[in-house]
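**Q** Handing you this structure, nothing more for now.
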Amino acid sequence: MSQPRSHPDLLRLMDEGVAGGVFPGGALLVRVRGETAHLSFHGRRSLEPPGGPVDALTCFDLASLTKVLATTPLVLLAIQRGLLALDTPVHRVLEDFAGQGREAVTVRMLLEHSSGLAAWRPYYSEVASAAGGAWLATAKGRLAARRMVAAETPEAPPGSRALYSDLGFMLLDWILERVSGQPIDTLFSQWLAGPLGLESLFFVNLASPAEAARARQGRAFAATERCPWRGRTLVGEVHDENTYAMGGVGGQAGLFGAIRDVAAVAGAWLGSFLGSGGFFDRGLVEQFWQRSTLPGSTRTLGFDTPSLQASQAGSRFGPRTVGHLGFTGTSLWIDPDRELIVVLLTNRVHPTRENEAIKRFRPVLHERVAELWR
């Protein structure tokens, strides 16, 4: 296999990120017009205990990139297959989600983060208190969390405001399971990973120890946080607390993967949008990438766009750029005008989430990428 191409400025920035304590380990990929223009690996998978160097096969906890790499494309494919529609009311699929204004919430609103639901709730703490913690990371924990999100009352009239909400993507996970008859990890494997040939993009189903062991077998993971309430450093175990309580598989988080496979899904999105690849329906991708008209919103359906001020994407990408961030230190941006994909994977939350230096690092990195490939 030939050595990946790399740019010295990006190598320097990433190495400075490691040396400056922005993240213990990271990987950066830039693809331009279908070709890899930069690919590099930096630092180590773990500090506590010391781990091996990050390489092409290192699997990162992708956190909220799950939303655009798994949940959103699966919703699009469900629509493509006639199982769902953007304006389907949620209560038509999830009967428990009814009353107190919930009937007005649609699939489109969940994707657009305009459902009126709260941003987040600590469902995991309630699951942890049930049965002496025996429900954590089990099917019972998943059911309990779903019942709690189904009981949420919109805090604002649906469709009236934009507020990034994990709760909406928990509902999308449940909706996909109902309309397809398969849990989201199985659906991801059948509808996305299999057809796209993705061998290193997957969920770790903690509710089934045998499945979790198979998912981890032979793989090297970048560690995330030394979790204070789980009492261990997390390696190959989802960082997001609510997803952990639900067994490690969720619409809001739970996906793990190596950088080339993350870029492959991004490439399927971009190729379909440009008409150079037909994995997703082009018209649907165009709809999904249209920026919301809600005042103050930076969202599309499932994706984010660079904000006008202090964006983590910097200020130089094109006006049609879409992407997303992940809490663990991951990000993905797609600029169709440049035919540009930028994937940054790090474990900046290792050993603690208190390290927020990534917020200063990412815009600088993306500004330089945009300057190099105008």
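Where a number appears in this text, it was derived from the coordinates with a stated rule and is not lab data. All values reported here derive from a predicted model rather than from experimental measurement. Please note: Cβ atoms are built from the backbone with ideal geometry, for glycine as well, and neighbour counts cover all protein chains shown.
**Q** Quick one: in segment 282-300, of everything that is among the polar types (S, T, N, Q) and not in a helix (DSSP H, G or I), which residue is farthest from VAL322 (Cα to Cα)?
**A** Ranking the qualifying residues of segment 282-300, first place goes to THR293.
**Q** Only residues in segment 14-42 that are in contact (Cβ under 8 Å) with a residue 24 or more places away in the chain and crowded, with 23+ Cβ neighbours inside 10 Å count as the first member; pair them with residues that are in a strand (DSSP E or B) and among the basic types (Lys, Arg), Cβ under 6 angstrom, at least 6 apart or cross-chain, and list the lot.
**A** PRO24/ARG44; GLY25/ARG44
**Q** Of the residues that make up segment 294-308, is at least one of a type in the set (Asp, Glu), surrounded by 15 or more Cβ atoms within 10 Å (Cβ to Cβ) and closer than 24 Å to ASP166 by Cα?
**A** Yes, there is a match, as at least one residue in segment 294-308 is of a type in the set (Asp, Glu), surrounded by 15 or more Cβ atoms within 10 Å (Cβ to Cβ) and closer than 24 Å to ASP166 by Cα.
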